[in-house]
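Each value in this text was obtained by applying a stated rule to the coordinates, not by laboratory testing. Just so it is clear, the model here is predicted, and its values are computed rather than measured. Neighbour counts run over all protein chains shown; Cβ positions are idealised from the backbone, glycine included.
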């Protein structure tokens, strides 16, 4: 009886493995030994224009270098969904996985399993912990973003007064790193001594909750001058609240040009004079070139290594704030009334 | 004598205790932050929670028949995203047409669910779980990895800003919400269809024997739920000036919670439009109040859960006390 059960279980397990191997739909299952290498990109979730542009850049770069790109969008923006995707990529025997993590630590087991299978791992956009990756492709250094946002707040407040932050969730690793960096920059320079950060509110990247917290900021702090929202959903919701109420509070942060076009302007009728973001296409391309360098052996992920990222030029791997290593794409890009019309159709 | 009987009528109703709890909640918040008690604030509450409040009406009907529908926010996203894309690519311009299309999509989505549940005899939670994925997936397909932002929505987003339906006083969104509540109040209280819904939920077999077409009633409630979800898809797109395929994900729990807090039975047969309204208001007030009273952001979800439990317990206790008092009076 026991043997029969064991046999049944084994058969089921084999069938499951076979099925998993076939899964993934649009992906050609190629062995690492023959022909073109396959480079996988796992985004945060499906249906987000930023992720889509990132994937587009990744695909372009991999194809330009003669490789096969595998783009996977998990069905939800959760670590669970990404683990499922990583496991199917391991059974497809891809050569590298480049991942925009939904959770810094939760993916460790799955990624270590991939590493043990000989797959090169790098993270892009939002990092995984140092044990899970070889190198992180950073859209902009944490401190560059922090400095950029603090300067924007300094400029918009006129150098003094109350300001607040509308963030995504309280656990979002990148959000927290940027907020922490902004606080440090303000504390370290007496130039910013008159800026008073009154509250960090969390809108959970939901329009409804972001609206509630923005309205609460306006009610609780009548002297508020500036809101800084370093998240795409939060900044759009805050922009709408401020603009609809005709509030004198100004907004800056990180946002998508297509979502924010309506709110960007220098006059009183617009709530956001300018904001920042990086170029997701370039980010995807750099992720691809990094994957290729790791697979070819041009780089191993150690600090100090240099490699050529196709037509993007030479990049150097540096030590990251968390003790691991990273590659920094560049400074964030500023969107203002002069260029928003051009960029809103891009992404 | 007259006065006493009115008092009895008020205290005897299931809803009275919840009104007391709701008023208490508002008083507590106002003590912590006087800015809470302003007309503008309550208008913001109604507008920012219109979607939950309207869908609670559909969920009421579904719960009354002993069913449940967890696919509603997927239907909402599909309808909202479709309309959003139609505006983005300038296929349509009229605001009214946008609403009609969204409601039509929602109605169709609901009808399919109703047919599967009533004719296919599939358990509602399983059937709607399937459609939760199907409709959400379709919303992603429609979106084609794009969002429809404020710039793309053109005049459609102005609907949620203007108040021409409310004669310049009440915001359009709030007017739509109130209209929905009036229609459903009449529907559930004074029409044969409304009584049939209660009958099916109280005792399905008895309803069947007494000549009610149970499967038609079931199809109807899921279709109504779908139509409301479709309407809310258009509303949410207009209110937030943004259509995203992951719109309102997991908010179906808030809608179900609103009904349950209001005292709607999940076993069917018990609950009213006022129940749904009060439950939705409690949730809305909590959502608005938490950031206002200065509770640490990380603790907010925990506090929200605690308040919900306290409200339900208080509601049960006050109701029991009232029942007891009324019974005592009767004995005298």
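Quick one: if you take sqrt(5λ) for each eigenvalue of the C-alpha gyration tensor of the stretch A:88-222, what semi-axes come out, biggest first, whole angstrom?
In descending order the semi-axes read 37, 18, 10 Å.
Going highest first, how would you order B:37-44, B:252-259 by mean Cβ packing within 10 Å?
By packing density, highest mean first, the sequence is B:252-259, B:37-44.
Could you quote the convex hull projected area for the stretch B:188-306, Cα atoms only and averaged over all directions, in nm²? Intermediate values should be presented prior to the final figure.
On the way: hull surface 37.2 nm².
With every direction weighted equally, the projected area is 9.3 nm².
Taking the Cα atoms only, what angle lies between the long axis of helix A:142-157 and the longest principal axis of chain A, rounded to 10 degrees?
20
At 7 Å along Cα-to-Cβ for each site, give me the label-to-label distance between residue A:75 and residue B:94 in nm.
3.8
Provide, in order from the shortest bin, the percent of all Cα-Cα pairs of chain B in each 10 Å bin, continuing until the bin that contains the maximum pair distance.
Result returned by the calculation: 6, 24, 31, 26, 10, 2, 0, 0.
If you bin the C-alpha pair distances of the stretch A:142-277 every 5 Å from 0, what whole percents do you get?
Over the stretch A:142-277, the share of Cα pairs per 5 Å bin runs 2, 12, 23, 26, 22, 11, 3, 0 percent.
Averaged over B:285-292, how many beta carbons belonging to a partner chain fall within 10 Å of each residue's beta carbon?
5
Semi-axes of chain A's equivalent ellipsoid from the Cα gyration tensor, sqrt of 5 times each eigenvalue, largest first, rounded to whole Å?
Numbers: eigenvalues 323, 98, 68 Å².
The equivalent ellipsoid of chain A has semi-axes of 40, 22, 18 Å.
Compactness ratio of the stretch B:82-150: Cα Rg over 2.2 N^0.38 Å, N = residue count?
1.32
Mind checking the mean number of beta-carbon atoms from other chains within 10 Å of the Cβ atoms in A:240-247?
Mean partner-chain Cβ count within 10 Å for A:240-247: 2.
Sort A:39-52, A:300-313 by the packing proxy (mean of other Cβ within 10 Å over each peptide's residues), most packed first.
Most protected by this proxy first, the peptides run A:39-52, A:300-313.
Using DSSP, restrict attention to beta bridges with both residues in the protein assembly as shown and report what percent are antiparallel, rounded to the nearest 5.
Around 20 percent of the beta bridges assigned by DSSP in the protein assembly as shown are antiparallel ones.
Rounded to the nearest 5, what % of DSSP beta bridges with both residues in the stretch A:232-334 are antiparallel?
Rounded to the nearest five, the antiparallel share is 80 percent.
For a quick check: sort B:238, B:163 by the number of other beta carbons within 10 angstrom, fewest at the front.
Least crowded to most crowded, the residues run B:163, B:238.
What does the highest-first list of B:182-195, A:128-141 look like by mean Cβ count within 10 Å?
Going from most to least packed, we get A:128-141, B:182-195.
Relative contact order for chain A using alpha-carbon pairs under 8 Å, separation at least 6, rounded to a whole percent? Could the numbers behind the result be given before it?
Details: 718 pairs, mean separation 61.1, N = 347.
The value is 18 percent.
If each DSSP helix of 4+ residues adds -39,500 (n - 2.57) and the sum is divided by the residues in chain A, what number results at 222 nm, nearest 500 deg cm²/dmol?
Helix contribution divided over all residues of chain A: -13000 deg cm²/dmol.
When the Cα atoms of the stretch A:204-347 are enclosed in a convex hull and the volume is divided per residue, what value in Å³ results?
Measuring per residue, one finds 137 Å³ for the Cα hull of the stretch A:204-347.
Between residue B:189 and residue A:336, what is the label-point separation in nm under the 7 Å Cα-to-beta-carbon projection?
5.9
Could you quote the convex hull projected area for the stretch A:179-241, Cα atoms only and averaged over all directions, in nm²?
Mean orientational projected area (the stretch A:179-241, Cα hull): 4.4 nm².
Separation between the residue B:32 and residue B:317 pseudo-spin-labels, each 7 Å from Cα along Cα→Cβ, expressed in nm?
Going from the residue B:32 label point to the residue B:317 one covers 1.9 nm.
Averaged over peptide A:210-223, how many Cβ atoms belonging to another chain are found within 10 Å of each residue's Cβ?
That average works out to 5.
Assuming 1.567 mPa s and 4 °C, estimate D for the stretch B:88-230 with Stokes-Einstein, Rh taken as the Kirkwood radius over Cα pairs, in µm²/s. Numbers along the way, then the final one.
On the way: Rh = 17.6 Å.
The estimated diffusion coefficient comes to 73 µm²/s.
Could you give the angle, 0 to 90 degrees to the nearest 10, between helix A:232-245's Cα long axis and the longest principal axis of the Cα atoms of chain A?
30
With both partners inside chain A, how many of the DSSP beta bridges are antiparallel, as a percent to the nearest 5?
Taking every DSSP beta bridge within chain A, about 20 percent pair in antiparallel fashion.
Could you tell me the convex hull volume per residue, in Å³, taken over the Cα atoms of the protein assembly as shown?
Enclosed volume per residue, from the Cα hull, is 200 Å³.
Would you mind checking the tilt of helix A:280-296 against the longest principal axis of the Cα atoms of chain A, expressed as 0 to 90 degrees and rounded to 10?
Taking the Cα atoms of chain A, the angle to A:280-296 is about 30 degrees.
Across the Cα atoms of the stretch B:1-143, what radius of gyration and what greatest pairwise Cα-Cα distance (Dmax) are found, in Å?
20.7, 66
Compute the orientation-averaged projected area for the stretch B:115-172 from the convex hull of its Cα atoms and round it to one decimal in nm².
Mean shadow area of the hull around the Cα atoms is 6.7 nm².
Could you list B:232, A:122 in order of exposure, starting from the residue whose Cβ has the fewest other Cβ atoms within 10 Å?
With the fewest neighbours first, B:232, A:122 line up as A:122, B:232.
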